[in-house]
Amino acid sequence: MYANGQTIIQYFEEFSPKRLAMEGDKIGLQVGTLNKEIKKVMVTLDVLENVVDEAIEQGVDLIIAHHAVIFRPLKNLRTDVPAGRLYEKLIKHDIAVYIAHTNLDVAVGGINDLMANALELQNTEPLEVLSTEKLKKIVVFVPQTHNQEVFDAMAKAGAGWIGNYSHCSFRQEGTGTFMPRENTDPFIGSQGKLEQVEEIRIETIVTEGIQNRVVKAMIKAHPYEEVAYDIYPLEQPSVSYGLGRIGHLPAEVSLREFAEKVKTAFEVKGVRVVGDMSSRVKKVAVLGGDGNSFISKAILKGADVFVTGDVYYHMAHDAMASGMSMVDPGHNAEKIMKKAVQQLLEERLKKDHYQTDVILSVVNTDPFTFLV
C-alpha cells in the first residue's frame with residue numbers, strides 16, 4: 001500500500017509546521033497535487049531542470065525541496081525558456097513539488113539544528129528568536145489495554161517534544177472509578193453499576209499552538225465515551241523558535257582548525273574565512289543560507305565565529321572590525337537537510353506500513369566550483 005501525498009505532507013508538517021515560516025515565505029505545494037498515490041518521494045535542496053530530469057528518470061511522484069521552485073510571480077508560462085521548460089516537465093510527468101523553507105530552518109531538529117549538531121555545538125539557542133509558545137502538560141487516564149495506542153496518537157499529533165527528544169511521557173498505574181448512568185454507552189461496565197478499572201495515567205507536554213490538535217487526536221484514539229483528562233499551564237520557560245543557532249564547542253580551537261571542521265561537517269571542498277587563522281574560537285553562531293542580515297546579531301551575542309553562506313564583502317569588513325571571525329561554506333551547505341528529511345519520512349511511512357520509497361537527489365546543485 002502506498003501513501004497518499006496529503007498523508008506524507010502531514011507527517012512532514014508535524015515536524016516542520018507551516019506556522020513557523022516567516023511571513024511571505026514561498027512554502028507549501030507549488031506544483032501539482034497531493035491528492036494522489038505516491039510511490040516515490042525525492043528530497044532535494046533545489047529544484048533545477050537537471051533535478052527534474054533525475055526525478056523523471058527515477059519515477060518520482062513528489063519532490064520535497066528547501067528552495068522554492070516558484071519564487072517570483074510568473075508573468076507567463078513559456079515552454080521555450082528554461083523556467084517554463086522545467087514547469088512543463090513537472091506537469092507532463094505528474095510530479096508534485098512541495099517547499100519547506102524558513103519553517104524547516106526554524107523547526108526543532110531542522111536545518112539550523114542539523115548544522116549546529118554537525119559542528120558539535122553544545123547548549124544551543126536560537127540566534128534570532130521569532131516567536132515563543134507557552135508549554136502545557138496534558139494528563140489523560142487510559143485503560144491499560146489502550147495505553148500505547150492513545151499515547152502514539154498524541155505523539156503523532158506533536159505531543160511529547162522536549163528539545164530534540166520526542167515521545168517524552170510519564171506513566172503511572174492506578175485505579176479509575178465511574179458509574180455509567182442513563183443514556184450512556186460505556187466501553188467498560190454497565191449502567192447503574194460502579195466500576196473499578198486498572199488504568200494508566202499518561203503525562204506529556206505540548207506547546208500551546210498544537211494543544212487542540214493533540215486533544216482531538218487523543219479523544220479519537222481513546223476507547224471511552226467520555227475521556228477524563230486535565231491540562232495544566234507550566235511555569236518553566238516557553239519554547240522559543242527562531243533562525244540560526246548559537247552555542248559552544250566542546251573545546252576551544254584555532255580558527256584554522258575550526259574552518260577545516262566546517263569543510264568536513266558540511267561536505268564542501270572549500271570555505272571562505274574572515275579573521276586571523278591563529279585566533280581561538282569557542283562560541284559559535286551558525287545560520288544556513290544567506291546570513292548577512294544576522295551578522296550584527298552574532299556580534300551582539302558574543303560569537304567568536306559566525307558560520308553562514310553568501311557573505312558580502314563589506315559585511316565581512318564589519319565582522320573584522322568587531323573582532324568576530326566568519327566561515328562561509330556556501331549556501332549549498334543546507335543540503336544537510338536531505339538525509340534528515342529522508343530518515344524522518346522513512347520512519348513514519350514504515351511505522352504505518354506504507355511501501356512508499358523516499359530517495360535523495362544526487363545531483364550537485366551548487367553553482368560554484370572551488371579551485372584549490
Of the conditions (1) outside any helix (DSSP H, G or I); (2) surrounded by fewer than 23 Cβ atoms within 10 Å (Cβ to Cβ); (3) in contact with a strand residue (DSSP E or B) (Cβ under 8 Å, 6 or more places away or on another chain), residue 94 satisfies every one except a single condition; which number is it?
(3)
Which numbered condition in (1) closer than 22 Å to residue 32 by Cβ; (2) at pLDDT 95 or above is the only one that residue 81 fails?
(2)
Restricting attention to the range 323-338, which residues are within 15 Å of residue 284 (Cα to Cα) and either outside any loop (DSSP other than H, G, I, E, B) or modelled with pLDDT under 95 (or both)?
325, 326, 327, 328
The correct count of residues that are over 15 Å from residue 109 (Cα atoms), touching a residue at least 24 places away in the same chain (Cβ under 8 Å) and outside any helix (DSSP H, G or I) in the range 5-30 is 7
So, restricting to strands (runs of 3 or more DSSP E) that lie completely within the range 148-251, which ones have at least 2 residues that are closer than 30 Å to residue 286 by Cα?
195-207
Looking only at the range 5-36, count how many residues are touching a Gly at 6+ places or on another chain (Cβ under 8 Å) and at pLDDT 95 or above.
4
Name the residues in the range 339-363 that are surrounded by fewer than 20 Cβ atoms within 10 Å (Cβ to Cβ) and in a helix (DSSP H, G or I), would you?
339, 340, 342, 343, 344, 346, 347, 350, 351
Just wondering, is there one or more residues in the range 178-200 that are modelled with pLDDT of 95 or more, surrounded by fewer than 19 Cβ atoms within 10 Å (Cβ to Cβ) and not hydroxyl-bearing (Ser, Thr, Tyr)?
no
Criterion first (under 26 Å from residue 243 (Cβ atoms), in the same structural domain as residue 356 (by TED's automatic domain parsing), at pLDDT 95 or above and not β-branched (Val, Ile, Thr)) does residue 45 satisfy it?
yes
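The values are calculated or read from the model by the stated rules, or taken from the named source; none is laboratory data. If you're wondering where the values come from, they're calculated on a predicted model, not measured in any experiment. Positions of Cβ are backbone-derived with ideal geometry, glycine not excepted, and every protein chain shown enters the neighbour counts.
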